Amino acid sequence: MKVIDLIIRIKNAAKAQRREIVLPFSNLNKEVAKVLVKEGFLVEIKEEKKGNIKNLKIEIAYDRRISRLYDISIISKPSLKKYINSKEIAKIENRGKRTLIISTSQGVMTGKEAIKKNLGGEVLFAIW
């Protein structure tokens, strides 16, 4: 399953005010979900196994029935990958309340973490 599919499913579940969603497992999706838990958009992720099929069970974070996840903008697409260095990340991060999620050589992380480690990489999406 692609990261774009994961993000769109989380966004749609948040708009529909669902607490939990179940998604097919992949290591990249698990890493992206861990970053979203750390940033407070998700409460927790669990790995479930039914037979030979692995799934991720994701719980979305809410404040008084309002999702903490407002919107998502997909930046890298399968047809057009967007790569960025740490200086460009700083320019985008300083503009507003958006949080960039970036796939770097040291794993998936937020733009702020990438700036601290002076890393660049593929910008997966922006979330706010």
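So how strong a dipole does the chain carry about its Cα centre when Lys and Arg Cβ are +1 and Asp and Glu Cβ are -1, to the nearest 20 debye?
The dipole magnitude comes to about 180 debye.
Distance in nm between label sites at LYS81 and LYS38, each 7 Å beyond Cα in the beta-carbon direction?
2.2
Residue farthest toward the positive end of the dipole of the chain, with Cβ of Lys/Arg at +1 and Asp/Glu at -1: which of ILE58, VAL108, ALA16?
ALA16
Every number in this text was worked out from the coordinates using simple rules, so none of it is lab data. Owing to the predicted nature of the structure, the values given are computational and were not obtained by experimental measurement. Neighbour counts are summed over all protein chains in view; Cβ atoms, including those assigned to glycine, are modelled from backbone coordinates with ideal geometry.
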